[in-house]
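Structure, as structure tokens:
The values are calculated or read from the model by the stated rules, or taken from the named source; none is laboratory data. Computed from a prediction, not measured in an experiment: that's the story for all the values here. Using ideal geometry, Cβ is built from the backbone for each residue, glycine included, and neighbour counts are taken over all protein chains shown. Ligands, DNA and RNA are stripped out before the accessible areas are found, and what is left, the full protein with its side chains, is counted by its heavy atoms. Shrake-Rupley method; radii C 1.70, N 1.55, O 1.52, S 1.80 Å.
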Amino acid sequence: MTVKAVLWDMDGTLVDSEPIWGRVQIEVLGELGGHWTDEDSLKLIGSSLPDALKVWLAAVPEGAIEADALGERIYSEVVRALKESVVFRPGARELLEALRDEGTPCALVSASYRTMIDAVLSHFPPGLFEVVVAGDEVVNGKPHPEPYLTAARELDVDPADCVVIEDTLNGSASGLAAGAFVVAVPQWVPIPTEPRRVVLDTLAGVTPDDLRKLVS
């Protein structure tokens, strides 16, 4: 295939934000009288905020907090932490900048809402992404194909000519359903190989040429 664009997930793929999410969930749900563990957080990796909110509400005593207030509290705490600093995943920023330098269009396609994406992107140099698709700007989140189909449409490329880089099952399923080739770099949850999906341990040292070889 010809790689005409690369579509990037954010959380866990570009930046190591999952530990922040886990810490905030444990703190907030615990303060509300709920029981929450790292294992519970792992189960929600790759979920949309509305889906996660249903699980959070079930973990605290009934009536402890309204749904909107709980979502806002957890989300705002994560955004605050991400504004302060982010940790880049190994090799991700280097590959992203190399793709920009050679002129390959990139899009950021995240289940996170626009405010969180803006917090993360404040740590990046401008011009790395031609398109940004946020979780609150689509009707159907991952694993539905809509987020990646939207990015491909806005880049004016065929999804079949796109490489999606993801770290979760939901995200990679979204990319596959959109018709793209998926490069999975799992961090917390294993992802199996299958047709049109390869799995890497890390992006460290991966170049744009390496990416093209993976999908050839």
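Brief remarks on what is shown
- Under 30 Å between alpha carbons - lysine pairs in the chain that sit 8 or more apart or on different chains: 9
- Of all accessible heavy-atom area on the chain, the percent that carbon and sulfur account for (1.4 Å): 52
- Region 169-195 versus region 128-167: alpha-carbon centroid distance in Å: 14
- For Phe88, the solvent-accessible surface computed with a 1.4 Å probe is close to 70 Å², ligands and nucleic acids excluded.
- In the full protein context, region 84-216 carries 44 Å² of accessible surface per residue, based on a 1.4 Å probe and ignoring ligands, DNA and RNA.
- Sites Glu130 and Arg23 - FRET efficiency at Förster radius 30 Å, r taken between beta-carbons, to 0.05: 0.35
- Each label point was placed 7 Å from the Cα along the Cα-to-Cβ direction; for Asp209 and Asp51 their separation is 3.9 nm.
- With R₀ set to 41 Å, the beta-carbon distance separating Glu102 from Asn140 gives a calculated FRET efficiency near 0.80.
- Here the contact order of region 152-216, divided by its residue count and restricted to Cα pairs under 8 Å and six or more residues apart, works out to 24 percent.
- Dipole axis of region 128-209 (+1 Lys, Arg; -1 Asp, Glu on Cβ), positive-most option in Val132, His144, Cys162: His144
- Measuring only protein heavy atoms, the 1.4 Å probe finds Ile20 accessible over about 30 Å².
- For the set Tyr148, Tyr113, the ranking by accessible area, highest first and with no ligand, DNA or RNA atoms included, is Tyr113, Tyr148 under a 1.4 Å probe.
- Rounded to 0.05, the FRET efficiency of the Glu31 and Ala177 pair, given R0 = 45 Å and the Cβ-Cβ distance, is 0.75.
- Put Arg196, Arg153 in order of accessible area, highest first, and with a 1.4 Å probe you get Arg153, Arg196.
- GluC sites (Glu not before Pro) lying in DSSP loop within region 19-70, provided at most 16 other Cβ fall within 10 Å: Glu62, Glu66
- Note on Glu154 and Met1: their simple-model spin labels are 2.0 nm apart, each label 7 Å out from Cα toward Cβ.
- Model label sites at Asp68 and Val199, defined 7 Å from Cα along the beta-carbon direction, differ in position by 4.2 nm.
- When you restrict to C-alpha pairs under 8 Å that are six or more residues apart and normalise by the size of region 48-205, the relative contact order lands at 17 percent.
- A probe of 1.4 angstrom, applied to the heavy atoms of all protein chains, finds Lys213 with accessible area near 140 square angstrom.
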